[in-house]
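Peer 1: Pasting in a structure now, in structure tokens, and then I'll have a few things to ask.
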Amino acid sequence: MRNEVLVLPCLLLLHCYVVLTMETITQEKAEAAIPVTTLSPPEGNTTFLAGTSWCVALPGVSQIDLQNALDWACGLGMADCNPIQRGGACFDPDTLVSHASYAFNNYYQQNGNSDIACNFGGTATLTNIDPSHGKCNFASPGSVGSSAPSSLKCKTSFIWVKFAGILLLLYLRR
């Protein structure tokens, strides 16, 4: 009976290890697959004399490049793109440049206003003119939290809480 009680925690530990390893490998592969094309200097906080800057899409660039950059910003870039969805405060005007500008700026603000965070393969530029309009407010410095991946930490701690709970139940069952 005692050996059977030890098998379950060992299997649970093995499961936790495999899940965490696979999540880490998947995240590393996703990050490695992102082509990084930068035309701007790799460091610095480019702000204007007024002290505030926004990242917006460049009008006149290839629509395909702009769409790819928008897809990346809203996907792997983890920008908050809910306001540019149908019914959102920034859906109108319903143009690729407008939607990309919102997503690019959200990503830029989440990543410390660094000029390297406003490149998007050459489809974006910095401005000191607030692009907000109507009910659509573009984030400004300090108004958006960092996008540092905390989800893995959360998943890891949750798994350990589940593990501790199962061990406690097994102990109390005896």
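Peer 1: Mind listing just one residue for me: the one in the range 93-130 that is outside any helix (DSSP H, G or I), closer than 21 Å to Ser62 by Cα and touching a residue at least 24 places away in the same chain (Cβ under 8 Å) and, of those, most open to solvent (accessible area, probe 1.4 Å)?
Peer 2: Applying the first criterion (outside any helix (DSSP H, G or I)) to the range 93-130 yields 93-95, 111-114, 118-119, 123-130.
Imposing the further condition that a residue be closer than 21 Å to Ser62 by Cα reduces the set to 93-95, 118-119, 123-127.
With touching a residue at least 24 places away in the same chain (Cβ under 8 Å) added as a condition, the list becomes 118-119, 123-127.
Details: Cys118: 10, Asn119: 12, Thr123: 5, Ala124: 14, Thr125: 54, Leu126: 39, Thr127: 28 Å².
Taking the candidates together, the pick is Thr125.
Peer 1: Look at the range 71-92 and say how many of its residues are open to solvent by less than 20 Å² (accessible area, probe 1.4 Å), outside any loop (DSSP other than H, G, I, E, B) and closer than 16 Å to Ala117 by Cα. Working first, answer last.
Peer 2: Our first condition is that a residue be open to solvent by less than 20 Å² (accessible area, probe 1.4 Å); within the range 71-92, this holds for 73, 77, 79, 81, 84, 90.
Right, trim to outside any loop (DSSP other than H, G, I, E, B) and you get 73, 84.
Next, from what is left, pick out any that are closer than 16 Å to Ala117 by Cα: 73.
Number satisfying all stated conditions: 1.
The values are calculated or read from the model by the stated rules, or taken from the named source; none is laboratory data. These numbers come from a predicted model, not from an experiment. Methodologically, a virtual Cβ is constructed for each residue, glycine included, from the backbone with ideal geometry; neighbour enumeration extends over all protein chains shown. Heads up: the accessible areas ignore ligands, DNA and RNA and are worked out on the full protein's heavy atoms, side chains in. Shrake-Rupley method; radii C 1.70, N 1.55, O 1.52, S 1.80 Å.
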